[in-house]
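Worksheet: one structure, shown below.
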Amino acid sequence: QVQLVESGGGLVQPGGSLRLSCAASGIVFSIYAMDWYRQAPGKQREWVSTITSGGSTNYANSVKGRSTISRDNGHALVYLQMNSLKPEDTAVYYCSVSTGQGRYWGQGTQVTVSS
């Protein structure tokens, strides 16, 4: 059974930083690309970043240059370091993985950027 558990969200002031974590289980973590998505109130869920099994990374334009995705295959963890946070980054952030059996999602972690 695939499980993804996010943590690290919270309330932060504009310009601040957060590191989100996602712990995966039930998959051979090292062979899959891992994704972060987010969903702001009243908006559709949007892709944020991907890290491939080989460590290549991609970012949405909205977070490029301010965020870094990384992974720890030994502990089945994926991270999203977010810097210079803006109010428009406020959203629930989801970890996700697509396997041959389908796409799986965590429960999400709330990030609120506000003064």
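The values are calculated or read from the model by the stated rules, or taken from the named source; none is laboratory data. All figures in this text were calculated on a predicted structure; none of them were measured in a lab. Only protein heavy atoms, including side chains, enter the accessible area calculation; ligands, DNA and RNA are left aside. Shrake-Rupley method; radii C 1.70, N 1.55, O 1.52, S 1.80 Å.
The table for this structure:
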item: Semi-axis lengths, Å, the chain, gyration tensor of Cα atoms, sqrt of 5 times eigenvalues; result: 23, 14, 12
item: nm² value of the averaged projected area, convex hull over the Cα atoms of the range 13-71; result: 5.1 nm²
item: Largest-first principal axis extents, alpha carbons of the range 54-98, Å; result: 34, 20, 19
item: Selected from Gln13, Gln44, Gln81 as most flexible by GNM, with the chain as the system and alpha-carbon contacts under 10 Å; result: Gln44
item: Probe 1.4 Å, protein heavy atoms only - accessible area per residue of the range 52-115 in square angstrom; result: 49 Å²
item: Computed lengthening from Arg19 to Thr112, 0.36 nm per intervening residue step minus Cα-Cα distance; result: 32.2 nm
item: Share, in percent, of DSSP beta bridges within the chain that are antiparallel, nearest 5; result: 95 percent
